[in-house]
Amino acid sequence: MAEVPKSTNVMPEARSIAAAAIAKDVLFTAVIAFIILGPIVGLKTFAISGSLALEQRWGLVTVFVAIVAGGRLAYHLLVWNKPQARPSRAISAPVLPFMNYAKYIAPALVAFAIILPFIPGVDRRIVDLAILILTYIMLGWGLNIVVGLAGLLDLGYVAFYAVGAYAYALLATIYLPAWFGDGIVPWAFFITLPIAGVLAALWGVILGFPVLRLRGDYLAIVTLAFGEIVRVVLINWSDFTGGPAGIGGIPRPSFFGLPFIEGEGGFAAFFGLDFKPIHRIIFLYYVILVLALFTNFVTMRLRRLPVGRAWEALREDEIACRSLGINTTSTKLTAFAIGAMFAGFAGSFFATRQGFVSPESFVFLESFIILSIVVLGGLGSQIGVVVAAIVIIGAFEVFRELNFLKAVMPAGFDPVQYRMLAVGAALVLIMRWKPRGFVTRREPSVVLKEKKAIPTDLVAEGHG
Amino acid sequence: MSASGQEALLRVEHLTMRFGGLTAIGDLSFTAARNDITAIIGPNGAGKTTVFNCLTGFYKPTEGSVILTHVDDKQFLLERMDDFRISQRAKVARTFQNIRLFAGMTVLENLMVAQHNTLMRASGFTVTGIFNSPTYARASHEAVEFSEYWLEKAGLVDRADDPAGELPYGDQRRLEIARAMCTKPVLLCLDEPAAGLNPRESEDLNRLLLNIRDEQKIAILLIEHDMSVVMGISDHIVVLDYGVKISDGSPAEVRNDPAVIRAYLGVEDEEEAEVVVERAVAAVAKKPARAKVAAKKSPARKKGVRK
């Protein structure tokens with residue numbers, strides 16, 4: 001008992017030790033920053049009459065080193081030294097606060113999406129952006145089946161998007177008019193949409209077969225290669241695909257046979273409206289909204305069907321699946337096929353919206369963006385995909401608008417060029433703070449008594 | 001209740017499994033009767049799990065055949081079937097030594113996944129199910145009820161909506177058995193179901209297994225180390241050592257078999273050498289690889305007195 005007062009002396013002593021340690025750490029950080037930044041920032045080469053000259057910028061180095069050291073100090077004082085009360089993970093509390101309002105988020109978003117084009121102040125630019133975001137939401141939802149539910153990492157998803165886009169482009173510009181005459185053209189989109197989906201699903205199965213036995217990293221590499229193969233074939237098979245020049249003059253969609261043109265026989269004249277180009281944009285917006293909601297509806301239904309549960313079980317444990325009599329081959333193939341089908345639909349839509357397709361649109365970066373949306377949103381979460389698509393695609397577009405930065409920053413600064421950097425940094429930060437994505441709850445597909453969300457740290461990520 | 005009086009559900013004939021030069025199972029033959037609990041016991045590394053993997057299609061045996069006969073005399077040659085078809089068609093369910101639950105899915109979902117094939121048919125292979133056809137809605141409702149039935153048997157009904165990964169160890173063991181039962185098997189293969197259980201959980205498990213045998217009339221084949229479980233509930237015991245059957249019979253017979261005592265309690269070096277040679281000559285004289293494997297017997301095994 002007599003030894004108790006001792007502990008009171010500990011505090012100031014510990015403080016001084018901490019201060020010394022912090023000073024040492026900050027100094028060390030500054031030295032490292034200097035070593036790294038010295039050559040990179042401090043010495044700048046520039047060409048002078050055919051030869052290279054060296055410019056020394058030690059002042060700038062000092063500023064940078066000071067920023068790094070200051071940041072480290074701030075971290076010490078504000079973040080690291082705080083006693084952290086680590087919240088123990090609540091063992092699936094019956095009703096999580098998140099779940100309470102989650103019920104209303106989805107209907108509210110859908111309602112907002114439906115009225116969006118008619119909200120005052122919403123112009124063509126915003127509707128265009130909304131179409132873009134919805135396209136990515138749809139692609140995200142499609143990929144979510146493969147990556148989020150079945151746990152198969154697919155880096156070549158954009159290949160199916162390309163199959164859908166080229167299917168529509170080729171059928172609508174060449175084959176349908178040749179087979180059925182020009183009268184078919186206004187209907188081409190609605191005829192081709194299911195065909196594009198089926199073709200993409202077929203390619204999903206074709207990709208699925210060779211990769212059935214692959215897992216994890218190997219699966220990722222093969223799917224990545226598949227995506228590139230499709231793109232390279234599109235570039236080089238000029239007779240069929242038009243090569244790098246792509247396919248132009250793709251028919252725009254019509255309002256169920258009524259083209260969006262001025263004058264007699266057009267959509268505006270039929271409904272007695274004044275002709276406005278935005279009618280077509282708004283129609284496109286509703287087409288993609290319906291397609292995206294259809295994707296979501298099908299996915300939500302599939303999760304409650306045996307096939308969807310088998311996907312999730314496959315992600316959790318493939319061997320256990322086999323021991324329960326689940327044919328893992330066909331389960332994986334259906335995941336690839338259905339995921340690919342939605343990409344095919346989205347590709348068709350992309351072609352009709354752009355009126356032009358070329359291999360340029362289907363580079364690996366697109367696959368990467370779609371995968372980022374799925375991962376960032378939280379694997380398997382539908383609402384997470386929506387949030388992530390808005391954040392990522394929105395961020396890309398916001399950078400186009402930051403023209404005021406041009407006034408602040410030195411001449412030649414173009415914010416658009418920094419958008420990949422900023423989005424990359426945002427991805428790193430979000431993954432650091434929310435490693436399992438925005439939505440870290442899995443909703444059970446069937447409930448006996450009360451619905452409880454499942455924390456994702458229990459949910460497997462899949463092994464390919 | 002001995003195996004001899006009853007009709008054989010499972011006949012294992014001359015089962016041999018070699019991995020390269022190592023013979024994990026050598027010429028093993030035994031039968032498991034309908035409505036019996038048959039136990040396969042043996043020291044570590046005796047090849048028990050390998051036998052299970054051969055029966056359930058996870059390994060393709062090098063030689064021999066495994067014949068399962070349903071009540072309607074339909075026969076299945078398990079050694080020729082894919083692992084998932086064994087569960088789907090021949091109706092053999094299994095559990096794993098290291099529990100393999102779907103940790104991120106709820107307890108109920110785990111049991112629903114086990115009824116995949118029934119539900120898949122009811123959902124018209126997804127085509128009609130996606131429109132929530134009445135057939136699927138009914139089948140789905142029945143599947144939940146059937147799951148609930150097994151949850152009650154396993155004493156897990158209160159935890160039906162919890163993620164399986166959050167259950168305590170003993171509950172996870174019972175859930176895995178319940179999940180296997182949801183595939184409506186004729187033979188349930190349990191790989192060390194009592195491993196890591198405390199005595200009370202062990203008793204719960206025994207009750208569950210006896211219930212499966214007596215009420216459900218389903219045969220159980222089990223691998224076990226825990227002798228209290230084995231001797232307490234088995235009708236028929238097969239003892240393996242180094243992949244070779246050294247004893248086969250009722251618990252009382254096996255308990256008093258000198259070969260079993262030798263294998264379990266260990267013997268002196270000279271004696272053991274004799275035993276090894278004897279066994280090698282008698283049981284697998286035609287396979288020279290056996291003697292080599294047996295000679296590698298580690299000293300630890302002699303001391304390893306198991307309960």
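Suppose only helical runs count, i.e. DSSP H with n ≥ 4. What mean residue ellipticity at 222 nm does that imply for chain A under -39500 (n - 2.57) per run, divided by all residues and rounded to the nearest 500 deg cm²/dmol?
-20000 deg cm²/dmol
Quick check: pseudo-label points 7 Å beyond the Cα along Cα→Cβ at B:K74 and A:K451, how many nm apart are they?
For B:K74 paired with A:K451, the spin-label model returns 3.9 nm.
Given H placed on each backbone N at 1.01 Å, which residues far from B:A39 in sequence or on other chains put an amide H within less than 5 Å of it?
B:L222, B:D235, B:H236, B:I237, B:V238
Just to be sure I understand the model, the point goes 7 Å from the Cα along the line to the Cβ. What's the resulting A:A18 to B:Q97 distance in nm?
A separation of 5.0 nm, rounded to one decimal place.
Which is farthest toward the positive dipole end of the range A:100-371 among A:Y218, A:L176, A:F356, measuring Cα position about the Cα centre, with Cβ charges +1 (Lys, Arg) and -1 (Asp, Glu)?
The Cα lying farthest towards the positive end belongs to A:Y218.
Taking the Cα centre of the range A:160-264 as the origin, how large is its charge dipole in debye, to the nearest 20, when only Lys and Arg (+1) and Asp and Glu (-1) carry charge on their Cβ atoms?
440
In whole Å, how far is the Cα centre of the range B:96-119 from that of the range A:306-343?
The two parts, judged by their Cα centres, are 13 Å apart.
At 0.36 nm per residue, minus the direct Cα-Cα distance, what do A:L43 and A:V233 gain on full extension? Give it in nm, one decimal, please.
Full-extension gain reported as 63.9 nm.
For an R0 of 45 angstrom, estimate the FRET efficiency from the Cβ-Cβ distance between B:S29 and A:Y75 and round to the nearest 0.05.
That gives a FRET efficiency of 0.05.
What would the Debye formula give as log10 I(q)/I(0) at q = 0.14 Å⁻¹ for the alpha-carbon point model of chain A, no solvent?
Reported log10 I(q)/I(0), two decimals: -1.34.
Under a Cβ-Cβ cut-off of 13 Å, what is the net charge of the residues other than A:I174 that fall near it, where Lys and Arg count +1 and Asp and Glu count -1?
Neighbourhood net charge equals -2.
If each of A:A53 and B:R121 carries a label point 7 Å out from its Cα toward its Cβ, how far apart are those two points in nm?
8.7
Obtain the radius of gyration and the Kirkwood radius of the range B:96-225 from its C-alpha atoms and give Rg over Rh.
1.00
Rounded to whole Å, give me the distance from the Cα center of the range B:172-226 to that of the range B:27-80.
17
Identify, among A:F342, A:I145, A:Y75, the residue whose Cα sits farthest towards the positive end of the charge dipole of the protein assembly as shown, taking +1 on the Cβ of Lys and Arg and -1 on the Cβ of Asp and Glu, with the dipole about the Cα centre.
The listed residue farthest towards the positive side: A:Y75.
What's the FRET efficiency of B:S250 with B:R200 using the Cβ-Cβ distance as r and R₀ = 22 Å, to the nearest 0.05?
0.20
Under the 0.36 nm per residue contour assumption, what length would be gained going from the current alpha-carbon distance of B:R11 and B:Q216 to full extension?
Computed gain between B:R11 and B:Q216 is 71.7 nm.
Counting other Cβ atoms within 10 Å, which GluC sites (Glu not before Pro) in the range B:182-225 have at most 10 and lie in a DSSP loop?
Sparse-neighbourhood loop GluC sites (Glu not before Pro): B:E215.
Just to confirm a number: summing +1 for Lys and Arg and -1 for Asp and Glu over residues other than B:E203 whose beta-carbon lies under 14 angstrom from that of B:E203, what do you get?
Its environment carries a net charge of +1.
Is there a simple number for the mean count of other chain Cβ atoms within 10 Å of the Cβ of residues in A:302-312, and what is it?
Going residue by residue through A:302-312 and averaging, the value is 6.
Is there a quick way to get the dipole size of the protein assembly as shown? I mean about its Cα centre, with the Cβ of Lys and Arg at +1 and of Asp and Glu at -1; what is the value in debye to the nearest 20?
My answer is approximately 980 debye.
Over the Cα atoms of the range A:177-288, each weighted equally, I'd like the Debye log10 I(q)/I(0) at q = 0.10 Å⁻¹, rounded to two decimals.
The calculated log intensity ratios at q = 0.10 Å⁻¹ are -0.50.
Working from the alpha-carbon coordinates of the range A:18-76, get Rg over Rh, Rh being the Kirkwood radius.
My calculation puts Rg/Rh at 1.20.
Which of the peptides A:124-133, A:372-381, A:213-222, A:329-338 is most tightly packed, and how do the rest follow, going by the mean number of other Cβ atoms within 10 Å of each residue?
Highest mean packing first, the order is A:372-381, A:329-338, A:124-133, A:213-222.
For B:I261 and A:D128, FRET efficiency with R0 = 60 Å and r from the beta-carbon atoms, rounded to 0.05?
Rounded to the nearest 0.05, the efficiency is 0.10.
Relative to the compact globular guide of 2.2 N^0.38 Å, what is the alpha carbon radius of gyration of the range A:100-371, as a ratio?
The reported ratio for this selection is 1.07.
Using modelled amide H (1.01 Å from N, peptide plane; none on Pro or chain starts), what sits under 5 Å from the amide H of B:Y59, excluding residues fewer than 5 places away?
B:C54
Take the Cα radius of gyration of the range A:208-265 and divide it by 2.2 N^0.38 Å, with N its residue count; two decimals is plenty.
1.90
Around B:V254, with a cut-off of 12 angstrom between Cβ atoms, what is the net charge of the other residues, counting Lys and Arg +1 and Asp and Glu -1?
-2
For the ranges B:41-53, A:276-288, what's the packing order if you count other beta-carbon atoms within 10 Å of each residue, average per peptide, and put the highest first?
Per-residue Cβ counts within 10 Å, averaged per peptide and sorted highest first, yield B:41-53, A:276-288.
Quick note: the coordinates plus some simple rules give every number you see, no bench work behind them. Note that the coordinates shown come from a computational prediction; the quantities given were computed from them, not determined experimentally. Ideal geometry is used to build each Cβ from the backbone, glycine not excepted, and the neighbour counts take in all protein chains shown.
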